[in-house]
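Beneath this line is the structure, given in structure tokens, with notes to follow.
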Protein chains: 2
Amino acid sequence: MAGRPGREPRSGGRRPQAKGRGGVPRRTSRTLPRGNREAQEKAIVEAAERVFAGAGFGGATMAEIAQAAGVPKPNLHYYFGSKQALYRAVLERTLREWLEPADCIVATAEPRAALEGYIREKMRLSFTCPYASRVWANELLHGAPELRATLVRTLRPLVRRKAAVIDRWIAEGRMAEVDSRHLFFTIWAATQTYADFAVQICAVLGLAKLDRVAQERATEHVVGLILRGCGLAGSRPGRRK
Amino acid sequence: MAGRPGREPRSGGRRPQAKGRGGVPRRTSRTLPRGNREAQEKAIVEAAERVFAGAGFGGATMAEIAQAAGVPKPNLHYYFGSKQALYRAVLERTLREWLEPADCIVATAEPRAALEGYIREKMRLSFTCPYASRVWANELLHGAPELRATLVRTLRPLVRRKAAVIDRWIAEGRMAEVDSRHLFFTIWAATQTYADFAVQICAVLGLAKLDRVAQERATEHVVGLILRGCGLAGSRPGRRK
DNA sequence: CCGGTAATTGACCAAATGGTCAAAAGTGGG
DNA sequence: CCCACTTTTGACCATTTGGTCAATTACCGG
């Protein structure tokens, strides 16, 4: 009835500990893992990211992920327990990557440099890690069943803090009056569209893929448009046109 | 191997004509359908739109769609043949809705009024038809397996035409120098984010849903930011602040 | 009221899929 | 070399799911 097919989190069943995710038993005695364990988990999560990005939660199959990761299917369950848990691991990984770029938005920074840096970093992420962006987008698109709580607990406070910085800049007359929270929505949208909807962009531009040149052009466009929108245009030493 | 699970288009099997989609046999003899046929198709497509939007192609099930439409499952196949065909019908429907607002961007129009109207219409659509936007987004997100051809054949020419109009306005010095095609990407992204990622926006804003007030605020923000970014700001009779 | 067509529907099916298991293969200390 | 433990796998389910069918019901001209 819910929508997402998979059964519930399922806590029953023991399965040799080795969670490494939830509980933190970690190896204690011997068997130094040669770093193999983490390497395996990483390989699986990365493969899962690609597959989930390409087909969504429902469309992705464990068999496909296993193949992409180069391990037999039962290993996925050995390491992550269930499809849902693996999916969640992918999302957590993305979230960390996601929040980081906002670090440059601090009250002591210079508005234009800070915003420009933020936007450029977001654009860079869109080009270099499109899969992560797509998994995230897919999750939101379908109502964020897995991370609605995270949005409220983690993203909201972060935006509140960063928006406060923007509001202060505005109050000090250092940039135009924009709605600081909606500004973030617009920046996220404008930048991540190059990851999420790359096919559409390529199709419209008539490119097979977004090459270096196209990436630069896109970046300059977004940076320019938004900075101007924020009243932060002006002579920059760098390029422009 | 492909990704999308469903088997291929499958042309085999006859199934009583009544395609109504591909071939155009349409009713010829008697049986004036009381308008029932189209009503049924419409109900099914609308239900499918909701379900596909909520779970993606892979996650949606025909049974769910049937239930949402209030008809038994075989009817879906009777009217649309396959899950893929139904999905395609939903996408086609969306495309039409999608292209329409661009009508207001014509060379004879006044730049600011035209762009503002376009953005406002896009925002309105995001708020009133979020499902359509989400299905479309989902399709793009997963590589547009179903409509890559459509993007190139329909969307690309449209953007080419509209971008030419913008370029002309720029050449005439009536607006700032922006990359006209990327401007469309940004507008689409900034507006549709309110449909596609509504959960995230609500979570950040601390709202249960985007009420009228939030919608207006969002609209004014996007309109203001982009117009300013295009060098089209200026005294408007209306609001601001 | 009859006959043929369109539409409806409950019952079914083969394939795909998430998940399980038990046996096998490493691994390293004693 | 043995033992306790972790990993790795191939084989195997139970369920779900897209799709099919044959039978039934509505519909309408004659």
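The values are calculated or read from the model by the stated rules, or taken from the named source; none is laboratory data. Bear in mind the structure is a predicted one, so any value in this text is a computation, not a measurement. No Cβ is skipped: glycine too gets one built from the backbone with ideal geometry, and neighbour counts run over all protein chains shown. We work out accessible area using only protein heavy atoms, side chains counted, and drop any ligands, DNA or RNA first. Shrake-Rupley method; radii C 1.70, N 1.55, O 1.52, S 1.80 Å.
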Subject >> the stretch B:45-62 - residue that is open to solvent by 20 Å² or more (accessible area, probe 1.4 Å) and under 11 Å from residue B:84 (Cα atoms) and, of those, nearest to the other protein chains (Cβ to nearest Cβ) >> reply: B:58
Original post:
Here are some residues: A:195, A:208, A:176, A:164. Which one is more than 9 Å from chain B (Cβ to nearest Cβ) and in a loop (DSSP other than H, G, I, E, B)?
Top reply: A:208
**OP:** Take residue A:226 and decide whether it is open to solvent by less than 10 Å² (accessible area, probe 1.4 Å), over 30 Å from residue B:146 (Cβ atoms) and assigned to a helix (DSSP H, G or I).
**Re:** yes
Original post:
In this structure, does residue A:218 turn out to be at the interface with another protein chain (Cβ under 7 Å from one of its Cβ atoms), buried (at least 17 other Cβ atoms within 10 Å of the Cβ), in contact (Cβ under 8 Å) with a residue 24 or more places away in the chain and within 30 Å of residue A:88 (Cβ to Cβ)?
Top reply: no
Subject >> Among residues of the stretch B:71-86, those that are surrounded by fewer than 20 Cβ atoms within 10 Å (Cβ to Cβ) and either under 28 Å from residue B:193 (Cα atoms) or more than 16 Å from DNA strand D (Cβ to nearest atom) (or both), counted >> reply: 2
**OP:** Return yes when residue A:95 is within 11 Å of DNA strand C (Cβ to nearest atom), under 14 Å from residue A:146 (Cβ atoms), hydrophobic (A, V, I, L, M, F, W, C) and in contact with a helix residue (DSSP H, G or I) (Cβ under 7 Å, 6 or more places away or on another chain) and no when it is not.
**Re:** no
**OP:** Consider residue B:210 carefully, then state whether it is touching a residue at least 24 places away in the same chain (Cβ under 8 Å) and either under 20 Å from the mean Cα position of the chain (by Cα) or open to solvent by 10 Å² or more (accessible area, probe 1.4 Å) (or both).
**Re:** yes
Subject >> Residues of the stretch A:99-143 that turn out to be hydrophobic (A, V, I, L, M, F, W, C) and open to solvent by 10 Å² or more (accessible area, probe 1.4 Å), as a count >> reply: 9
Subject >> Matching entry among B:149, B:176 (being at pLDDT below 95 and over 14 Å from the mean Cα position of the chain (by Cα)) >> reply: B:149
Original post:
Do the conditions hold for residue A:56, that is, is it away from DNA strand C (no atom under 13 Å from the Cβ) and touching a residue at least 24 places away in the same chain (Cβ under 8 Å)?
Top reply: no
Subject >> Selection count where residues are under 16 Å from residue A:92 (Cα atoms) and open to solvent by less than 20 Å² (accessible area, probe 1.4 Å), scope the stretch A:144-168 >> reply: 4
**OP:** Name every residue in the stretch A:190-229 that is among the small types (Gly, Ala, Ser) and within 19 Å of residue A:133 (Cβ to Cβ), in order of residue number.
**Re:** A:190, A:195, A:198, A:203, A:214, A:218
Original post:
Among the residues of the stretch A:157-169, which ones are in contact with a helix residue (DSSP H, G or I) (Cβ under 6 Å, 6 or more places away or on another chain) and over 11 Å from residue A:184 (Cβ atoms)?
Top reply: A:167, A:169
Original post:
Is it true that some residue in the stretch B:88-98 is at positive phi, of a type outside the set (Asp, Glu) and crowded, with 21+ Cβ neighbours inside 10 Å?
Top reply: no
